[in-house]
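Note sheet for the following structure.
The values are calculated or read from the model by the stated rules, or taken from the named source; none is laboratory data. This is a predicted model, so every value here is computed, not measured. Backbone-built Cβ (ideal geometry, glycine too); neighbour counts: all protein chains shown. Just so you know, the surface numbers come from the protein's heavy atoms only, side chains and all, with ligands and any DNA or RNA stripped out. Shrake-Rupley method; radii C 1.70, N 1.55, O 1.52, S 1.80 Å.
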Amino acid sequence: MAQVRGLDRLRLGGGMPRPRAEFSDRLGYTAVMIACLLGAVGSAYGVAVGVYVGFSTWEWLTIPLMGVVSLAIAALLWQTGDRYLTPTSVFIVAFLSFHLLSNLTNTLYVSRELNSAFIYLPWFPVLFAFIVALFRGRLGIHLCWVIYAGVAVILLRSAYVESGLSMADGWTAAVVISLIALPTFITLLYAVAAFREHFAASQARARLLEEHNEQLEHLAYHDSLTGLANRLLLESQMRRHLTRADQTTGLAVHHVDLDGFKDINDSHGHGAGDFVLRVLGERLRRLVSEQDDIARTNADEFVIIQQSRDVERSAAEMGRRILEIVAEPMHTTGAEFRLNASIGTAIWRAPLGRRRQDPAQAVADLLSQADLAMLAAKEAGGNTQRLFQPAMLEAADRRLELRTSLRRALAYREFVLHYQPQLDMATGELVGAEALIRWDDPLHGLRNPSEFIPVAEESGIITEIGDWALREACRAAASWPTDHVKVEVNISPVQLERSNLLASVRSALHASGLAPGRLELELTERVFTRADDDEIRQTFRQIKDLGVGLVVDDFGTGYSSLLYLKHFPITMMKIDRAFISGLKPGSTDHAIVKAVITLARSMNVELVAEGIETEQQRALLLQEGCRYGQGFLYGRPMTEEAFLARYFPQQGARPATTYHAQPAPED
């Protein structure tokens, strides 16, 4: 942005040094100084003689003034060198000194006839200007000297002879006066040359301004990294396509989003990410035809405008080629990158009849439709293309409505926690409870987290919901009449990335008074895929140092499991219900469960089996050494009142209260 503002100043004429004619030749500088001094001397002498000869009022005003100006310019040049030796000042000095020399001659010879000679001589620079322009450099100036010497001597000799001097005295006076006027004439020549240089410098500045304006325009309409069009130029190109399209041609807008591009930036740095974007930008540029357009509209997003007659078939072919190009490996020093892309495509055809949609609105609709189709491609797993369907717009409207409703639900305290018990399967003793969030929607009733958590994560409101759940679970557990039953709270990966989880845990513990050893944070395997993130690992270590437990949910269903077991301070693993539902002696699930139990025992990590529904499953798990379990066999998720009534009947059922946490003290 700073670069654009700088170019904008150049466009307005500021910020750029103005070219100025340079007088590096010391002869020119000396000639101007001499001319100034001669002008001052001539002015002083003319005033002195004018007392006896008699001057007109005009001469009495101009001659002293020109002498003062000559002295002022001489003093300025003496102090600053040739810094202020501009064409304007040179011409002022030249004509002032020339006029004063004519008056000096008049006072010496007291001859008004000589005025004619000095009136004609100043017109010679006009002729000399053409000579200097035709013969550039010193040759032109030398030719002017020769012409001036001949013409000045002849003209002055005639004037002197006509005023009564002899032929010999006339020649002598002409030569003497010509030599006296030589510095003035040299000044005139340099002034002509200076104007020619100044004109050339002005042209150079105009060319430079034009180049900078072109650069500014390019920056305003193009992406600086890839050189492709940006969104502003893309919209202009789309309006042009829509205006020119007829009913025989269609338009396809492809929204290309790179899958997993953020991982390259996180793992290899932004330099590697820029390399990938430049390579892909060049590949996509070569892919499109001359009548099509391409733009980079976001960090890892490109948009291609394709125009053709059989637009549906051409759009499908373009999507296939884009996926192939993106999947080609990219090699840089010591690394190879392979990516996939999610492509959303919107199709447009000119409507029948003369009535057409406003081009600006059509552009906005097409880009929005392509974006919705791209999101559908991502939801399908990525590395695919999806065409826009009207149902996608309806789904987007529902997501937008749901986002608004989630904000309202948080403000009006519509979220509640249900608790599912965790028991020691050998003794039947209650050892913990998993806090599960529910939404008590006034319009749709009790809603499960699968209906709203994805949208909450997408919108970022999950951080506020997660903080509330953490505070509420700690408050509830602290009120239970026991000091050994733990409470387990689910933490979203988005919550971990966007909020200060350590500060939230400290605040919840401090406000509720719950012992840190009774709190466990349940994390999915997706959180642990960033095992090389030092900041996340440090956060987990600090939470563990507080005494809070870290639980891995759905163990075995993700990836890199053994890697995060090595790098993170895990205290408990939960066997996913997918392995429990089909658990039978000798089955594949049985073998997997035995392996997980053996791994947990060797690492001294506690194990909880989820989804236990039958007595056979409980018995087989106990036989293999898994002590703790939860599932419908022991109880479904229930309200806090029902949980207390079942496991702490002496307390009696009581209504749950909404708790407002106080900030934790500063460390």
Karplus 3J(HN,Hα) series, Hz, for segment 214-227 with 6.51 cos²θ - 1.76 cosθ + 1.60 (x for Gly, Pro): 5, 5, 4, 5, 5, 5, 6, 10, 9, 6, 5, 7, 9, x
Ratio of segment 357-504's C-alpha Rg to 2.2 N^0.38 Å, to two decimals? 1.37
A chain fully extended from ASP358 to GLU414 at 0.36 nm per residue, minus the present Cα-Cα distance, gains in nm 15.9 nm
What does the charge add up to near MET330, with Lys and Arg as +1, Asp and Glu as -1, over the other residues with Cβ less than 13 Å from its Cβ? -1
Can you list residues from other chains, or at least 5 along the same chain, whose modelled amide H is less than 5 Å from the amide H of MET638? TYR419, GLN420
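Going highest first, how would you order 439-451, 397-409 by mean Cβ packing within 10 Å? Let's see the in-between values first.
Numbers: 439-451: 12.5, 397-409: 15.0.
The densest-packed peptide leads the list: 397-409, 439-451.
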At 1.4 Å probe radius, can you tell me the per residue accessible area of segment 564-608 in Å²? 48 Å²
Contour minus end-to-end for THR333 and ARG321, with contour as 0.36 nm per residue of separation and end-to-end as the Cα-Cα distance? 1.6 nm
Using θ = phi - 60° and Karplus 6.51 cos²θ - 1.76 cosθ + 1.60, couplings along segment 331-343 (whole Hz; Gly, Pro as x): 10, 9, 4, x, 8, 10, 10, 10, 10, 10, 9, 10, 10
Sequence neighbours fewer than 8 away in the same chain don't count; with that in mind, list the lysines whose C-alpha is under 28 Å from LYS594. LYS486, LYS544, LYS566, LYS574, LYS584
Here segment 467-480 yields Karplus 3J(HN,Hα) values (6.51, -1.76, 1.60; θ = phi - 60°; whole Hz; Gly and Pro given as x) of 5, 4, 4, 5, 5, 5, 5, 5, 4, 5, 5, 5, 8, 6
Pairwise centroid distance, computed over Cα atoms, of segment 272-320 with segment 615-648, Å: 55 Å
So, R0 is 51 Å and r is the distance between the beta-carbons of GLU624 and GLN650; what FRET efficiency does that work out to, to 0.05? 0.90
Averaged per residue, what accessible area in Å² does segment 338-497 show with a 1.4 Å probe, protein chains only? 47 Å²
In segment 204-326, carbon and sulfur make up what percent of the accessible area (probe 1.4 Å)? 46 percent
Ignoring ligands, DNA and RNA, how do ASP483, ASP424 rank by accessible area with a 1.4 Å probe, largest first? ASP483, ASP424
Sort 469-482, 267-280 by the packing proxy (mean of other Cβ within 10 Å over each peptide's residues), most packed first. 469-482, 267-280
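Based on the mean of other beta carbon atoms within 10 Å per residue, what is the order of 329-340, 608-619, most packed first?
Descending packing order for the listed peptides: 608-619, 329-340.
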Stokes-Einstein at 20 °C, 1.002 mPa s, Kirkwood radius from Cα pairs: D for segment 309-404 in µm² s⁻¹? 139 µm²/s
Carbon-plus-sulfur fraction of the accessible area of segment 365-524, 1.4 Å probe, in percent? 50 percent
Where only C-alpha atoms are counted, convex hull volume of segment 247-315 per residue in Å³: 80 Å³
